[in-house]
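Since the structure comes first, as C-alpha cells, the remarks are kept for the end.
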Amino acid sequence: MVLKCPISLEGNIHWLAYDIHRGDVVVSTNVYYSIGTGSIQCCVTPFPDSGKPKRFKRTCTTSQGFLMYMNIISVLKVDGSLEDKLCVWRLKSGEWQLVSEVTPSFIDMGFDYFPLGINPFDAKTVYFWSTKHQSLMSINLCNGKYEATHIISSVECGRVMEYHKGSHFS
C-alpha cells in the first residue's frame, strides 16, 4: 500500500492510498495515541462511493475539524432513471457521513470543473476550478445555487476577478 497526499488534522494524519482488496481508501493514524505506546492506532476506511464511477480524482480536504470528501455520483431516482448529484461526506469516527446531496443545474451543462475545497468555517460552500474556462465556481450546498468567477488577468499582488455567470446565493 502506497500512502500519498498526507493531511494532518486534530492529532491524526490521513493519507490517500490504494488497497488491493478495498480499492481507494483513507488511512488514518492517531499520532497522540501512538506516542510512548510502542504501537500505532490505525484505521483504513474505503471511500463512500467505492464501486461507483467517480467524476473526479479522489481528493480530500478539511472543514470544521473533519476530513471531507466530495464527488458527483449517479443516484437512482424513484422512476428508475439516474440523476447526477454532488455529494459531500465527512469522516467521523472511521465512518463516512453524508452531509450534503444536491443537484446543481450546472451538472447538466457539460461540467468540466474539479474540486478545490470546502469552506473551512461553514461547510456550506464548496469550490471548483475550470482550467478550460479559467474560472472559479462556488456552490451553495443548501440550495445548489452557484456562482462562477472568471480570472481575467494577473497582477503583481494577485489575481483580478470578475463576475462571469451563474446566480448569487440566497
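Kindly list the number of the only condition in (1) acidic (Asp, Glu); (2) touching a Lys or Arg at 6+ places or on another chain (Cβ under 7 Å); (3) outside the structural domain of PRO120 (by TED's automatic domain parsing) that fails for GLU83.
(3)
Among the residues of the range 63-101, write down those that are hydroxyl-bearing (Ser, Thr, Tyr) and surrounded by 11 or more Cβ atoms within 10 Å (Cβ to Cβ).
SER63, TYR69, SER74, SER100
Go through (1) closer than 25 Å to VAL27 by Cα; (2) modelled with pLDDT under 85 for LEU67 and report which single condition fails.
Condition not satisfied by LEU67: (2).
The values are calculated or read from the model by the stated rules, or taken from the named source; none is laboratory data. All values derive from a computational prediction rather than experimental measurement. A quick note on method: Cβ atoms are made from the backbone with ideal geometry, for glycine too, and the neighbour counts reach across all protein chains shown.
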